[in-house]
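Notes for the one structure printed next.
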Amino acid sequence: MKNFYNLNDIKDINQSIDEILDIKNNIGKYQKIFDDKIIGLIFFNPSLRTRMSTYKASKNLGLEPFFINISNNTWSLEFEDGKIMDSSNVEHIKDAARVISNYCDIIGVRSFPLLKSKENDAEDQIIKSFIKYSNIPVFNMESSIAHPLQALTDLVTIKENSKVKKPKVLLTWAPHIKPLPHAVPNSFVRAMKKMNFDISIANPKGFDLDPTISKGLKINNDQLDAFKGVDFVYAKNWSSFENYGKVSSNYNDWIVDEKKMAKTNNAKFMHCLPIRRNLVATDNVIDSEQSLIIDQSENRTYTAQYIIKKLLKNG
Amino acid sequence: MKNFYNLNDIKDINQSIDEILDIKNNIGKYQKIFDDKIIGLIFFNPSLRTRMSTYKASKNLGLEPFFINISNNTWSLEFEDGKIMDSSNVEHIKDAARVISNYCDIIGVRSFPLLKSKENDAEDQIIKSFIKYSNIPVFNMESSIAHPLQALTDLVTIKENSKVKKPKVLLTWAPHIKPLPHAVPNSFVRAMKKMNFDISIANPKGFDLDPTISKGLKINNDQLDAFKGVDFVYAKNWSSFENYGKVSSNYNDWIVDEKKMAKTNNAKFMHCLPIRRNLVATDNVIDSEQSLIIDQSENRTYTAQYIIKKLLKNG
Amino acid sequence: MKNFYNLNDIKDINQSIDEILDIKNNIGKYQKIFDDKIIGLIFFNPSLRTRMSTYKASKNLGLEPFFINISNNTWSLEFEDGKIMDSSNVEHIKDAARVISNYCDIIGVRSFPLLKSKENDAEDQIIKSFIKYSNIPVFNMESSIAHPLQALTDLVTIKENSKVKKPKVLLTWAPHIKPLPHAVPNSFVRAMKKMNFDISIANPKGFDLDPTISKGLKINNDQLDAFKGVDFVYAKNWSSFENYGKVSSNYNDWIVDEKKMAKTNNAKFMHCLPIRRNLVATDNVIDSEQSLIIDQSENRTYTAQYIIKKLLKNG
């Protein structure tokens, strides 16, 4: 694996899950194996879990993490090729990526979509430019359309908590007040498909995911019906793909509550966090014994540690 | 000690002072005793001394410091219980505290008061929520109403510089242009009381501290009279408690100057910094041989090192 | 060397170049020689190369880097002596510098000029105040009028790439949209003079550098003529010194392109970065085999490592 852009970069997903769990359960075995290497963590957007889990993963491996907060304490970047740079962007990604490659041994990049143009966001220009121009491995800490570290973590968490080999998993849309990206649901669906789990999606009309992602899956517009008998409920808001980037307050009854959870097969509740309480899901659901949200966040560390190790070993 | 919220968490104050001075004088003895643990340093407000002294203390102990600047490079937090989170705050403290607990081994928190509601500030909600929801030790790097790391440092500095066992200490109000919190004077008074030092307070009418703090102490509205014969002058502005959060420019003659210092028993001058020169105190006083301000800032490192060590050893 | 303010602090420039190249070529020889010391890196302005190269240099030497972003996560500083501090600045440099000196073993400072008053900028107050009030070594990470780490790096890069002992070097002004400081060209010219290289300057009328810097050098207002036969072309914009801080869009044809480069003696192209592509120089020039910009950025690490080592050894 040269770079980690999305889950397709992983050849054997089951082996990856096993190795991540091995890191979790034998943390000492993987300590300090890359002493004195520098990991550059480039953030175009805010982050708590990704910042901290990647930091911890890096420290576990013996790496020195260097945070780069773009436009905050460094120069703003230009991504258009051949442009006459006479506007606000000060440095071209071509140069920045090559320069950073000289100072680091591996780079992680987070950059959210603008949610204004479906086509632009689909190009995933920022992370792909870093991959193109860097001389060192690059991994995705959430791009416009993919969040593979989260999805891999979610797989690991399902694996740890599933009583059956092929669990029934529901990805349910949930209410929100702001337009949110498709990166998390996209990558989650891709992960479920790779595992051949029994995945279905519940969302209101007009909120279907990118059809190339949801192709072949059952999309249920009746949320209560969708909850019936599932083993895992993964809640997440996303903005409309069809009516790109739009939100609606017409579906606030899509909140995940105890009544809906009661329809499931005693399902576990999952969310990637941050979660807006009593809007996306009720306090009772989030704080129930079925809730895996804290486990998910903890597992982010081991997943990051696995991916960074793999990239540095070019394995 | 499970958490360090205020000075009441310290059982034997004299033993603590001795241990802090032992750390200062035998720095090698306490080096690298917690290798590979992570300390989360959460700042809701700016800081220089606290950032640097806690960083240095952490490095001395072998800890890896991870700074979290809330609302700057992470999500803004909600503190109200049971709220429908449909406004600007993105993540609930319940979840953030539990998540951070998984990535760190100990947390320090700084959050200033808004100085708008006496009752709200008295609740000290931010630091107390971190204590409530975290699974790991939490220490106070200055909350709405307490700054115990500063007060403990000030005690150590007085101990180092006092010729007598029970020095006469004056806490004097000083001018300022902005409403300042009560955290520093509150904790300083609590420290003086714990040591049974001969502490008195000078402030203009209308600027008495919270009466539960100043109870039993002499409050002098005649500043010049208050300076007479004291061994230590601790200058600090605070906004009105009575007329909550208000400032006044009527008392700019309360500046600490050489004329006033001449009334003392050759007193040492103290301030927690940052200090506005020629407003709070004159250059001549601040730069005099009697000034302990730089010693105070240096001692912050050893105090932080002591508290962090104690918490991690649950001692 | 007690502090590193500008190139005049270096006694033997040739020996310095040799030592920097030795660090580059024998990186292991200089690893971890200052374990457990803290380096404070104080930024009043954004930075990518300086942040990362100094970080890497520090880590190579075993130092712990502590970044201080003034006015972002700490207090704003006052520099005027004797002032009544009743405006926005919260802490005086006198106190901040002494406090920081207690927490660190060495300090680097970056602060750009305001480009409003020639006299004020020439005083270089910020870096000079840190030098004056700190008790520990201070080095310049680009001040109002000098960028010696860049200039020393450029010398090293020329040395590595020059086929002759005394190369012909052209410093050419290039177009820009914003008023830029004189720090880089000032220090570059000083470096060329110290080496006794054959340096000339090309700039439009009204854009001569500070005459105390360019004294004795040929200044050519005919850019094409200036390119003839040179071995190195160093491109850089600077605002007018005469009409202080002003820019002009009348000279956009001063862009460095292949046609101009063809007049040289197969010259290498240099720029300190960030570079605005197709404004300062064309993509073709920047991406040509003659371009040394990435080498320059890489060499920043070794130069920083050399200066920090020298200062900590007081050598």
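The values are calculated or read from the model by the stated rules, or taken from the named source; none is laboratory data. Bear in mind that the values here come from a model prediction, so they are computed numbers and not experimental data. Every residue, glycine as well, gets a Cβ built from its backbone with ideal geometry; the counts of neighbours run over all protein chains shown.
Quick notes on this structure:
- Number of positions in the range C:262-292 that are hydrophobic (A, V, I, L, M, F, W, C) and farther than 27 Å from C:ASN8 by Cβ: 9
- Of note, B:ILE27 does not satisfy the criterion of being in contact with a Leu (Cβ under 6 Å, 6 or more places away or on another chain) and within 14 Å of chain C (Cβ to nearest Cβ).
- Scanning the range C:33-75 for residues that are under 21 Å from the mean Cα position of the chain (by Cα), among the aliphatic types (A, V, I, L, M) and within 12 Å of C:ILE106 (Cα to Cα) gives C:ILE39, C:LEU41, C:ILE42.
- Count - residues of the range B:84-108 that are of a type in the set (A, V, I, L, M, F, W, C) and part of a loop (DSSP other than H, G, I, E, B): 4
- 1 or more residues in the same structural domain as B:LYS163 (by TED's automatic domain parsing) and surrounded by 22 or more Cβ atoms within 10 Å (Cβ to Cβ): qualifying helices (runs of 4 or more DSSP H) within the range B:211-274: B:223-227, B:258-261
- Residue match in the range B:92-103 (condition: charged (D, E, K, R), within 9 Å of chain A (Cβ to nearest Cβ) and buried (at least 23 other Cβ atoms within 10 Å of the Cβ)): yes
- Residue among A:ASP95, A:ASP81, A:ASP86, A:ASP124 that alone is under 16 Å from the mean Cα position of the chain (by Cα) and farther than 19 Å from A:ILE308 by Cα: A:ASP124
- Subset of the range B:52-61 that is at the interface with chain C (Cβ under 10 Å from one of its Cβ atoms) and in contact with a Phe, Trp or Tyr (Cβ under 7 Å, 6 or more places away or on another chain) - its residue that is nearest to B:ASN135 (Cα to Cα): B:TYR55
- Whenever a residue of the range A:300-315 is over 14 Å from A:ILE33 (Cβ atoms), its partners that are of a type in the set (Val, Ile, Thr), lying with C-beta atoms within less than 6 angstrom and at least six residues away or across chains, give the pairs A:ARG300/A:THR153; A:TYR302/A:ILE20; A:TYR302/A:ILE23; A:THR303/A:ILE20; A:THR303/A:THR153; A:ALA304/A:THR54.
- The set of residues from the range B:133-179 being β-branched (Val, Ile, Thr) and either more than 18 Å from B:LEU21 (Cβ to Cβ) or part of a loop (DSSP other than H, G, I, E, B) (or both) comprises B:ILE136, B:VAL138, B:ILE145, B:VAL164, B:VAL169, B:THR172, B:ILE177.
- The single residue among B:GLU160, B:GLU123 that is surrounded by fewer than 17 Cβ atoms within 10 Å (Cβ to Cβ), at pLDDT 95 or above, over 22 Å from B:ARG51 (Cβ atoms) and in the same structural domain as B:TYR55 (by TED's automatic domain parsing) turns out to be B:GLU123.
- Long-range neighbours under 6 Å by Cβ, at least six apart or interchain, first residue more than 14 Å from C:LYS24 (Cβ to Cβ) within the range C:152-168, second aliphatic (A, V, I, L, M) and in a loop (DSSP other than H, G, I, E, B): C:LYS168/C:VAL230
- Any chance A:ASN14 is part of a loop (DSSP other than H, G, I, E, B) and over 26 Å from C:LYS24 (Cα atoms): no
- Every residue from the range C:268-294 that is over 13 Å from the mean Cα position of the chain (by Cα), closer than 28 Å to C:ASN25 by Cα and at the interface with another protein chain (Cβ under 9 Å from one of its Cβ atoms): C:ILE275, C:ILE286, C:ASP287, C:ILE293, C:ILE294
- Close contacts from the range A:250-266, counting a first residue that is more than 13 Å from A:ILE286 (Cβ to Cβ) and a second that is of a type outside the set (Ser, Thr, Tyr) and part of a helix (DSSP H, G or I), with Cβ to Cβ under 6 Å and a gap of 6+ residues or different chains, come to A:TRP254/A:GLN223; A:LYS260/A:PHE227; A:LYS263/A:PHE227; A:THR264/A:PHE227.
- Sole residue being in the same structural domain as B:ILE308 (by TED's automatic domain parsing), within 28 Å of B:ASN221 (Cβ to Cβ) and not aromatic (Phe, Trp, Tyr), chosen from B:LEU115, B:LEU171: B:LEU115
- Any hit, the range B:109-118, residues being modelled with pLDDT of 95 or more, over 23 Å from C:ILE68 (Cβ atoms) and not in a loop (DSSP other than H, G, I, E, B): yes
- Of the residues B:GLY40, B:GLY108, the single one that is closer than 14 Å to B:PHE130 by Cβ, touching a Gly at 6+ places or on another chain (Cβ under 9 Å) and more than 14 Å from chain A (Cβ to nearest Cβ) is B:GLY108.
- Scanning the range A:288-301 for residues that are in a loop (DSSP other than H, G, I, E, B) and closer than 22 Å to A:TRP173 by Cβ yields a count of 3.
- Considering (1) out of contact with any strand residue (DSSP E or B) (no Cβ under 7 Å at 6 or more places or on another chain); (2) within 30 Å of A:SER101 (Cβ to Cβ), the lone condition that A:HIS176 does not fulfil carries the number (2).
- Filter result for B:PHE67 (under 28 Å from A:GLN296 (Cα atoms), more than 10 Å from chain A (Cβ to nearest Cβ), aromatic (Phe, Trp, Tyr) and not in a helix (DSSP H, G or I)): no
- Extreme residue, farthest from C:ASP253 (Cα to Cα), among residues of the range C:170-210 that are surrounded by fewer than 24 Cβ atoms within 10 Å (Cβ to Cβ) and touching a His at 6+ places or on another chain (Cβ under 8 Å): C:ASP210
- Residue-level check: of (1) surrounded by fewer than 16 Cβ atoms within 10 Å (Cβ to Cβ); (2) over 27 Å from B:GLN150 (Cα atoms), B:LEU114 misses just (2).
- Qualifying residue in the range A:191-207 (condition: touching a strand residue (DSSP E or B) at 6+ places or on another chain (Cβ under 9 Å), modelled with pLDDT of 95 or more, over 20 Å from A:ALA281 (Cβ atoms) and part of a loop (DSSP other than H, G, I, E, B)): yes
- Of everything listed in (1) within 29 Å of C:GLU91 (Cα to Cα); (2) more than 10 Å from every other protein chain (Cβ to nearest Cβ), the single unmet condition for B:SER76 is (2).
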